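Any read-out appearing in this document is the output of simple, stated calculations on the displayed coordinates, not a laboratory observation. Treat the numbers as computed from the prediction; the structure is a model and nothing was measured. Neighbour counts run over all protein chains shown; Cβ positions are idealised from the backbone, glycine included.
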Amino acid sequence: DGGITQSPKYLFRKEGQNVTLSCEQNLNHDAMYWYRQDPGQGLRLIYYSQIVNDFQKGDIAEGYSVSREKKESFPLTVTSAQKNPTAFYLCASNARGGPAEQYFGPGTRLTVT
Amino acid sequence: AQTVTQSQPEMSVQEAETVTLSCTYDTSESDYYLFWYKQPPSRQMILVIRQEAYKQQNATENRFSVNFQKAAKSFSLKISDSQLGDAAMYFCAYRAQPGFQKLVFGTGTRLLVSP
């Protein structure tokens, strides 16, 4: 089955700790994205990558970092510099060209206390 | 910068009835795509329907159809014969074309469906 997996579904961390969220896709998509979802704010773009070893900041990149060493994988690290990290994080991917609708993973709920 | 506005935080509909969710957007581009995504309580984002701006014909997918008014920059979603399973958050999204395929989302409309 082709799709996007995110793990874990729920993640708990203490303030001051870095945490890495996993995102893997087997759709052979070039582009991958990380979104953050907060109540009443829709989805906001954190980082995106259109090709291996290349990525760009989205609208709210401060306090986050990513890597894209493999086409299938796009992990997101939430650093201690992120002031309000508790949120729901969604990973997405799409193929190049055409309407190229984005396919989403099931998400990770991160709680930092 | 492109923006997407959903002015209805919450809508209610009875089973078998029809409901329309509103979306407006702001862009200076002439070629772009518009999407409606559904997010049920599981929080999995599911594509409902998409519309290419260069197409005059409104997109339809079974019980879901859109009213795309390019000049007015309006993109509403009509759900016919509503079902309990339609209860979810609905997000309108915009993507420019060509180039980077960033999605810009509205803040969402929560749809409640009653028996």
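For chain B, report the translational diffusion coefficient in µm²/s to the nearest whole number, using Stokes-Einstein at 37 °C, 0.692 mPa s, and a Kirkwood Rh over Cα pairs.
Details: Rh = 14.2 Å.
It comes out at roughly 231 µm²/s.
Over the C-alpha atoms of the protein assembly as shown, what are the Rg and the largest Cα-to-Cα span, Dmax, in Å?
Expressed in Å, the Cα Rg and Dmax of the protein assembly as shown come to 17.7, 52.
What dipole magnitude, in Debye to the nearest 20, does the protein assembly as shown give about its Cα centre under +1 on Lys/Arg Cβ and -1 on Asp/Glu Cβ?
Numbers: 23 positive and 21 negative charges, 77 e Å.
Result for the protein assembly as shown is approximately 360 debye, rounded to the nearest 20.
Exactly which chymotrypsin sites (Phe, Trp or Tyr not before Pro) in the range B:68-115 are in a DSSP loop and have at most 11 other Cβ atoms within 10 Å?
Values: sites: B:Phe68, B:Phe75, B:Tyr90, B:Phe91, B:Tyr94, B:Phe100, B:Phe105; in loops: B:Phe100.
Here the chymotrypsin sites (Phe, Trp or Tyr not before Pro) that fit, given the DSSP loop and packing criteria, are B:Phe100.
By a straight-distance test (C-alpha under 27 Å), which lysines pair with A:Lys83 as possible cross-link partners, with residues fewer than eight away in the same chain excluded?
In chain and number order, the partners are A:Lys9, A:Lys14, A:Lys57, B:Lys102.
Using unit Cβ charges (K, R positive; D, E negative) and no other charged atoms, how large, in debye to the nearest 20, is the dipole of chain A about its Cα centre?
Charge dipole of chain A: 280 debye, to the nearest 20.
Apply the Karplus parameterisation 6.51 cos²θ - 1.76 cosθ + 1.60, with θ equal to phi minus 60°, to every residue of the range B:3-14 and state each ³J(HN,Hα) to the nearest whole Hz, in sequence, with x for glycine and proline.
Residue by residue, the range B:3-14 yields 9, 10, 10, 10, 8, 10, x, 8, 9, 10, 8, 8 Hz.
Rounded to whole Hz and in sequence order, give me ³J(HN,Hα) for the range B:39-56 from the Karplus expression 6.51 cos²θ - 1.76 cosθ + 1.60, θ = phi - 60°, writing x for Gly and Pro.
With the stated coefficients, the range B:39-56 comes to 10, x, x, 5, 6, 6, 7, 10, 6, 9, 6, 9, 9, 8, 5, 7, 8, 7 Hz.
In a GNM of chain A with a 10 Å cut-off on Cα contacts, which of A:Gln25, A:Gln102, A:Gln17 has the highest mean-square fluctuation?
Most flexible of the set in this elastic network: A:Gln17.
Let me check against my output: what whole-number percent is the relative contact order of chain B, with C-alpha pairs under 8 Å and at least 6 apart?
Relative contact order, chain B: 37 percent.
In whole Å, what is the distance between the alpha-carbon centres of the range B:22-65 and the range A:43-59?
Computed from Cα coordinates, the inter-centre distance equals 22 Å.
Rank A:Pro85, A:Pro75, A:Pro39 by mean-square fluctuation in a GNM of chain A with C-alpha springs under 10 angstrom and give only the top-ranked residue.
Between A:Pro85, A:Pro75, A:Pro39, it is A:Pro39 that shows the largest mean-square fluctuation.
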